1. Counting Lys and Arg as +1 and Asp and Glu as -1, each charge on the Cβ, what is the dipole of the chain about the Cα centre in debye, to the nearest 20?
2. Just to check I understand the Karplus step: with θ = phi - 60° and J = 6.51 cos²θ - 1.76 cosθ + 1.60, what whole-Hz values come out for segment 36-46, glycine and proline as x?
3. How much of SER94 can a 1.4 Å solvent probe reach, expressed as accessible area in Å² and rounded to 10?
4. Looking at the calculated P(r) for the chain, what percent of the C-alpha pair distances fall above 22 Å?
5. Which value, in Å² and to the nearest 10, is the accessible area of PHE5 when all protein chains are kept and the probe is 1.4 Å?
6. In the chain, what percentage of the DSSP-assigned beta bridges are antiparallel, given to the nearest 5?
7. Can you compute the modelled spin-label distance between LEU13 and VAL47, with each label point 7 Å from Cα toward Cβ, in nm?
8. Might you tell me the accessible area per residue for the chain, computed with a 1.4 Å probe and given in Å²?
Amino acid sequence: MKYEFTGEKKVVLGITLRRIRALVSFGLVVKGKVGGWIEKEDNLSQVSGDAWVYGNAWVSGDARVAGDAQVYGNARVSGDAQVYGDARVSGDASP
């Protein structure tokens, strides 16, 4: 396990998002670092690669972030989107 939910929640467009915190250091993420927002554990890989959601970015629905992918800034990843490999989704992107 590389992250846990902090207990902090927010509702956006009727979707309840939960903030994450790193349990271990990996890639550029330091143990204890607070990350972005995900709807459910399936949205962000717990085991493969250095995938991470940063800051105000959020992932919801059946979307998945895996491998070494990063989602940051004010980016939103939702629906059935798959972000993986070395992909970066940033800024105000909404794939």
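The values are calculated or read from the model by the stated rules, or taken from the named source; none is laboratory data. Here the structure is a predicted model, which means the values were calculated and not measured. Cβ sites come from the backbone with ideal geometry, for glycine too, and all protein chains shown count toward neighbours. In case anyone asks, the SASA skips ligands and DNA or RNA and just uses the protein heavy atoms, side chains included. Shrake-Rupley method; radii C 1.70, N 1.55, O 1.52, S 1.80 Å.
1. Details: 12 positive and 11 negative charges, 76 e Å.
The dipole of the chain has a size of about 360 debye.
2. Values per residue, Gly and Pro as x: x, 10, 9, 7, 8, 4, 5, 6, 9, 4, 8 Hz.
3. 70
4. Working: 616 of 4465 pairs.
Value for the chain (Cα pairs over 22 Å): 14 percent.
5. 60
6. On the way: 11 of 22 bridges.
If we restrict to bridges inside the chain, about 50 percent are antiparallel.
7. That separation, rounded to one decimal, is 3.1 nm.
8. Values: 4850 Å² over 95 residues.
Value for the chain: 51 Å² per residue.
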